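Working notes for the structure below.
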Amino acid sequence: MIASRLVRLAAPISRVAAARPAFMAVRSFASPSAPLMQDILKDLYIKELKGYKPAPEAKGVDTSSKIKEFKTPAAPAAPAIDAAADLSAWETANVEIADAITEDAVEEEEEEEEEVEEHHH
C-alpha cells in the first residue's frame, strides 16, 4: 500500500518534468572589448589635438615692432617715518585707567550677589 501511494505521488512529478520545454533560456554575460565607461571629453580633446595644424609663419613680417624691450620697474621709495617723534608722543601721552577695582567695590558686588541668591531661594 505504501508503495502504491509513492507511485501515485511520483506520477505528478514525472508529468511536470515531461512538460518542461526542451530549450531553457540561459542568461550569459558578454564582455565587450571596449570599456563600458567611455570618457567623451577625453576622446574629443585628443581628436582636436590630432587635428590641430599650426598656422605657418608669414615670411617678411617684421616682428620687432610687436616686441617691447623689458625694463625693470623703478624701486619704490621708503615711507617717511619719524619714529623718534612718535615714540616721544606716546611716552608723554596721558594714561587713563578705566574703572579701577578697589576692595570696597569687590565687597559691594559680593553682597549684591548674595542678595540675588537669597531672593531666588
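Quick notes on this one:
- Some residue of the stretch 29-48 being at negative phi, at pLDDT below 90, of a type outside the set (Phe, Trp, Tyr) and outside any loop (DSSP other than H, G, I, E, B): no
- Per-region count, the stretch 69-121, residues in a loop (DSSP other than H, G, I, E, B) and at pLDDT below 85: 10
The values are calculated or read from the model by the stated rules, or taken from the named source; none is laboratory data. In this text, all values refer to a predicted model and were calculated from it rather than measured experimentally.
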